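Enquirer: Below you will find the structure I want to go over with you.
The values are calculated or read from the model by the stated rules, or taken from the named source; none is laboratory data. Quick caveat: nothing in here was measured; it's all calculated off a predicted structure. Cβ coordinates were reconstructed from backbone atoms using ideal geometry, including for glycine residues, and neighbour counts include every protein chain displayed. With ligands, DNA and RNA removed, areas are computed over all heavy atoms of the protein, side chains included. Shrake-Rupley method; radii C 1.70, N 1.55, O 1.52, S 1.80 Å.
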Amino acid sequence: MSQSNAVRAQSLPATEWQPLCSSQDLVANSGVVAWLEGDQIALFHLPHSEAGEQLFAVENRDPKSGANVIGRGLIGQIKGDLVIASPLYKQHFRLADGSCLEYPEQRLRVWPVRLNGDTVEIGLAG
């Protein structure tokens, strides 16, 4: 690792991985919602995507309506980006970073997420 990369890595907050649910709770190509410290997190499992198996964790609360519905949205792809369409106003959010395609001022919070054996783990800043 170069020295500049080592410095950047040291300045990033450490990630603490916390168990969230079982992989059996996930539904392929769809969303499920889990609780984490008072927040609703929508999990999207894409087991056969072009990039291989992928898992995303985004805020379940739609910023436009305030309703907790993102986990019920439809997964799609727009201009190469995987997105979730809000079921109420149909705006599209990138699963990778939570940004909204139609309304740049809207954003979903995102969390790092991974499968560790049969456990879905969510990353929390340490």
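Enquirer: Say we look at the stretch 38-58 and pick out the residues that are at pLDDT 90 or above and of a type in the set (Asp, Glu); which of these is most open to solvent (accessible area, probe 1.4 Å)?
Expert: GLU53
Every residue, every condition in (1) farther than 19 Å from VAL27 by Cβ; (2) open to solvent by 30 Å² or more (accessible area, probe 1.4 Å), yes or no:
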position: ASN60; (1), (2): no, no
position: PRO63; (1), (2): yes, yes
position: HIS92; (1), (2): yes, yes
position: THR119; (1), (2): no, yes
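Enquirer: Among the residues of the stretch 17-32, what is the count of those that are assigned to a strand (DSSP E or B) and surrounded by 15 or more Cβ atoms within 10 Å (Cβ to Cβ)?
Expert: Here the count works out to 5.
Enquirer: State all residues of the stretch 95-116 that are open to solvent by 70 Å² or more (accessible area, probe 1.4 Å), in a strand (DSSP E or B) and out of contact with any Gly (no Cβ under 9 Å at 6 or more places or on another chain); if no residue qualifies, say none.
Expert: ASN116
Enquirer: May I ask you to verify whether PRO63 is farther than 18 Å from LEU36 by Cα and without any contact (Cβ under 8 Å) to a residue 12 or more places away in the chain?
Expert: no
Enquirer: A further question on this structure: Would you check if there is a residue in the stretch 68-82 being touching a Gly at 6+ places or on another chain (Cβ under 6 Å) and closer than 18 Å to TRP35 by Cα?
Expert: Among the residues of the stretch 68-82, at least one is touching a Gly at 6+ places or on another chain (Cβ under 6 Å) and closer than 18 Å to TRP35 by Cα, which makes the answer yes.
Enquirer: I've got another one for you. Give me a count of the residues in the stretch 95-126 that are basic (Lys, Arg) and in contact with a Cys (Cβ under 9 Å, 6 or more places away or on another chain).
Expert: At the first step, the residues of the stretch 95-126 found to be basic (Lys, Arg) are 107, 109, 114.
From what's left, in contact with a Cys (Cβ under 9 Å, 6 or more places away or on another chain): 107.
Final tally of qualifying residues: 1.
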